[in-house]
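Read through the structure below, which is laid out as structure tokens, and then see the notes.
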Amino acid sequence: MGLIGQLLGVLFGSGRNVVTETAEVFRVNAEAQAQRGAEAQAAALAQMAGEFRIRRRGWFDRLMDALNRVPRPAMALGTLGMFVAAMVDPVWFAARMAGIALVPEPLWWLLAAIVSFYFGARHQAKGQDFQRDLAVTMAAVPQVVQTVKDVEALRNATPDADAPVETATFEVPSDNPALADWRLTAS
């Protein structure tokens, strides 16, 4: 072995790459860093999917969800109904409002707390449902990306059968002696 072969054997021999190992002291290996990042993201998605696993819901859960949908529309429609009642029968409406004026203040505070907790709990439940749906969507991203790549690959894979085929023609200089000799031996 020559001097250059021995030098290359020292640098790259026995399955090692001294140049790469030395460079990695000063700069992060981009491929290894990308691999670690992909593994961390996959682990985070797996954890999130585990936390928000969709469970089968029974009839009682469905009934409670249906009842939870009633208060907001009832309050909105009730408020609109009060405006209609005030216009249709002002005396009847004034009697009802006089009765509401007799409700003690602590009862109003209790009603405010109940409504606040109801809407706060509903907001929390809807937020968790959103997070669960987001985890399912994020878990499907790699499959969608692969499908898009496969479809994009099909774009140029099959040429149009009706398109004319063009052949490349070019002028070969005849004053090249090597080319002239090759032509003689090839034919």
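Nothing in this text is a laboratory measurement; each read-out follows from the coordinates by a stated rule. Only a predicted model underlies this, so the values are computations on that prediction, with no experimental measurement involved.
Could you tell me which residue of region 39-95 is nearest to LEU134 (Cα to Cα), considering only residues that are among the acidic types (Asp, Glu) and assigned to a helix (DSSP H, G or I)?
Within region 39-95, the first condition is being among the acidic types (Asp, Glu), and the residues that meet it are 39, 51, 61, 65, 89.
Next cut, assigned to a helix (DSSP H, G or I) only: 39, 51, 61, 65.
Values: GLU39: 19, GLU51: 12, ASP61: 22, ASP65: 21 Å.
Of everything passing the filter in region 39-95, GLU51 is nearest to LEU134 (Cα to Cα).
Considering only residues that are outside any helix (DSSP H, G or I) and not small (Gly, Ala, Ser), which ones fall in region 104-158? Working first, answer last.
Taking region 104-158 first, the residues outside any helix (DSSP H, G or I) are 104, 156-158.
Result: PRO104, ASN156, THR158.
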message: Looking at VAL103, VAL136, VAL88 in this structure, which one is of a type in the set (Val, Ile, Thr) and under 31 Å from the mean Cα position of the chain (by Cα)?
response: VAL136
